[in-house]
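Single-structure report; data block below.
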Amino acid sequence: MGGVLSNVVGGDGAAAATTDESSSSEPSRVTAFHSSQRWQLHFNASKQLNKLMVVDFAAAWCGPCKMMEPFVKQMASKFTDVDFIKIDVDELSDVAQEFSVQAMPTFLLLKQGKEVGRVVGAKKDELERKILQHKEVPKFAA
């Protein structure tokens with residue numbers, strides 16, 4: 001994924017966007033952004049695609065965020081056609097403000113740069129339902 005991301009955002013991408021690796025043998029499909037500029041490049045590129053993006057706005061100190069982390073990784077493995085992003089609100093507060101994030105965790109569902117759904121709080125069932133609802137490409141789409 002890092003190589004693909006590097007091609008999209010330029011440079012090696014290692015310092016600015018990383019995939020969340022856990023102790024499991026399978027790498028995570030959740031991309032963490034550590035630079036507002038890299039996030040903006042990725043976000044702008046995503047506007048050209050009819051692909052669902054789920055952005056997890058979290059914080060290192062947030063208990064419910066930590067509780068949701070394994071579930072988000074599971075959803076990322078299950079829904080390989082969805083782009084899963086993690087943004088630390090303390091690290092990229094400007095991005096959190098841009099999307100009016102006021103509580104953690106907040107999950108923003110974006111398609112072609114537009115918000116199509118939002119889940120505030122550690123609501124696993126609601127998040128999965130909204131992902132299922134919005135990941136489908138409409139039958140009439142090209």
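Some notes on this structure:
- Cβ pairs under 9 Å, 6+ apart, first in region 68-87 and in contact (Cβ under 8 Å) with a residue 60 or more places away in the chain, second acidic (Asp, Glu): LYS86/ASP20; LYS86/ASP56; LYS86/GLU69
- Some residue of region 61-69 being open to solvent by less than 40 Å² (accessible area, probe 1.4 Å), within 17 Å of VAL30 (Cα to Cα) and acidic (Asp, Glu): no
- Number of residues in region 95-113 that are of a type outside the set (Ser, Thr, Tyr) and free of Cβ contacts under 8 Å to residues at least 24 places away in the same chain: the value is 4.
- Only listed residue being of a type in the set (D, E, K, R), without any contact (Cβ under 8 Å) to a residue 40 or more places away in the chain and farther than 15 Å from PHE33 by Cα, chosen from ASP125, ASP90: ASP125
- Among the residues of region 16-23, not a single one is surrounded by 14 or more Cβ atoms within 10 Å (Cβ to Cβ) and either at pLDDT 95 or above or under 20 Å from LYS111 (Cβ atoms) (or both).
- Cross-chain or 6+ apart pairs with Cβ under 6 Å, region 35-60 first and in contact (Cβ under 8 Å) with a residue 12 or more places away in the chain, then small (Gly, Ala, Ser) and surrounded by 13 or more Cβ atoms within 10 Å (Cβ to Cβ): SER35/ALA16; ARG38/ALA16; ARG38/ALA17; LYS47/GLY113; MET53/SER46; PHE57/ALA96
The values are calculated or read from the model by the stated rules, or taken from the named source; none is laboratory data. Since this is a predicted model, take the numbers as computed values, not measurements. With ideal geometry, Cβ positions are generated from the backbone for all residues, glycine too; neighbour counts draw on all protein chains shown. Heads up: the accessible areas ignore ligands, DNA and RNA and are worked out on the full protein's heavy atoms, side chains in. Shrake-Rupley method; radii C 1.70, N 1.55, O 1.52, S 1.80 Å.
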